[in-house]
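Take a look at the structure set out below.
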Amino acid sequence: MDARQGGSAGTSPVGAGARQMRAWAVAAPGPIDGHPLRLVERPVPTPGPRQVRVKVSVCGVCRTVLHLAEGDLPPHGEGVVPGHEVVGYVDELGRGCTRLRLGQRVGLAWLAASCGRCRYCAAGRENLCLEPTFRGWDVDGGFAEYVLADESFAYVLPDRFDDEAAAPLLCAGIIGFRALRRAELPPGGRLGIYGFGGSAHLTAQVALADGATVHVLTRSPEDQALARALGASSVGGSSDRPPEPLDAAILFAPVGDLVPVALEALDRGGTLAVAGIHLTDIPSLDYDRHLFEERTLRSVTANTRTDGEEFLATAERIALRPTTTRYPFEAVDEALADLAHDRFGGAAVVVVSP
């Protein structure tokens, strides 16, 4: 039995006649150019109570997967299958499933399950659950032909988005949406975005649709071009000063050196939200320059299902336009290397089952 395959009670068939599937697993964390992921065969998993099995169509390539592959996030199990921007179709229902139906298209995100009992879950803050389960870290994720999921943590996706466009919404979009809220951007305010990859290019569209002025600070020429095309008021390098003081800022780049840069760009009372799950060391801060006049520095941790539902509704309402680069299933390691070296703009998506 491979316990990683589900959030709680999943089992995998065993024996010589068991059906096999292909999956990418973290063999040994290390530099992405050293190919820390391996393409392996695993038994097709069988859903347990209140689980569904999903035949994966596409899976987005999130920077968190890169952190996991390279060891910035130590894997929580040997040979875990990463991937948590999963779009697929319900292939089998476990006992007790009532919410989803066979053949239904669903999306699976980073938060695979929460305990439902702790004080944070009781307060509607399941992203801070004391016993959470994360897809592609604690349980197997979407870089596989099949994956198990707790049916209550699966999203029904808007018809507006095809599979490829829907994938980056499931982490890049949701976490950017939560980061935007954590940044407390006032109506019509001035937002600075540091780093402009898969998450940022979606968040910028939400902010622009709400009437914000958006300034993008990023090192990649491709990302700078995309920011201009989407309507950013200004575009500069990562360490450049925006042309006006910011009401709020979001740091998407996992670079701690940019924290004081972004804080110094804030106007009085402004907030900087750090959206990544991993960040390099933050340099020492000068209280007078970076924090005085009620500037705020805060982190962003995962998301609640409510965040996900509200973001998907927003994405449909504003006709969000994800920019994607497609990779075949056999090229997952290539997609991660291209992400590490900024070789594409927007988000990457792996086609698992065409």
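The values are calculated or read from the model by the stated rules, or taken from the named source; none is laboratory data. Treat the numbers as computed from the prediction; the structure is a model and nothing was measured. Here Cβ is always computed from backbone atoms with ideal geometry, including for glycine, and neighbour counts include all displayed protein chains.
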Open item on the list: Within segment 81-97, take every residue that is of a type in the set (Gly, Ala, Ser) and under 22 Å from ALA167 (Cβ atoms) and give me the one that is nearest to the chain's Cα centre (by Cα).
Closed with: GLY83
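Which residue, of VAL81, VAL87, is in a strand (DSSP E or B) and surrounded by 23 or more Cβ atoms within 10 Å (Cβ to Cβ)?
VAL87
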Open item on the list: Can you report the number of residues in segment 102-131 which are buried (at least 21 other Cβ atoms within 10 Å of the Cβ) and either farther than 28 Å from VAL56 by Cβ or among the hydroxyl-bearing types (Ser, Thr, Tyr) (or both)?
Closed with: 1
Open item on the list: For segment 11-20, check the following and say yes or no: at least one residue is surrounded by fewer than 15 Cβ atoms within 10 Å (Cβ to Cβ), at pLDDT 95 or above, among the polar types (S, T, N, Q) and over 25 Å from the mean Cα position of the chain (by Cα).
Closed with: yes
Task: Yes/no for ARG190 being of a type in the set (Lys, Arg) and either under 21 Å from the mean Cα position of the chain (by Cα) or surrounded by fewer than 20 Cβ atoms within 10 Å (Cβ to Cβ) (or both) - done: no
Open item on the list: For the list (1) in contact (Cβ under 8 Å) with a residue 40 or more places away in the chain; (2) more than 16 Å from LEU170 (Cβ to Cβ), I need the number of the one condition that THR325 fails.
Closed with: (1)
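Take VAL261 and tell me if it is closer than 19 Å to TRP110 by Cα and in contact (Cβ under 8 Å) with a residue 40 or more places away in the chain.
Details: closer than 19 Å to TRP110 by Cα: no; in contact (Cβ under 8 Å) with a residue 40 or more places away in the chain: yes.
No.
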Open item on the list: For ARG343, only one of the following conditions fails: (1) part of a loop (DSSP other than H, G, I, E, B); (2) in the same structural domain as THR218 (by TED's automatic domain parsing); (3) surrounded by fewer than 21 Cβ atoms within 10 Å (Cβ to Cβ). What is its number?
Closed with: (2)
TODO: Give ALA253, ALA227, ALA273 a once-over and let me know the one that is touching a strand residue (DSSP E or B) at 6+ places or on another chain (Cβ under 7 Å), in a loop (DSSP other than H, G, I, E, B) and in the same structural domain as LEU208 (by TED's automatic domain parsing).
DONE: ALA253
Task: Conditions (1) over 21 Å from VAL40 (Cβ atoms); (2) in contact (Cβ under 8 Å) with a residue 24 or more places away in the chain: number failed by ARG117 - done: (2)
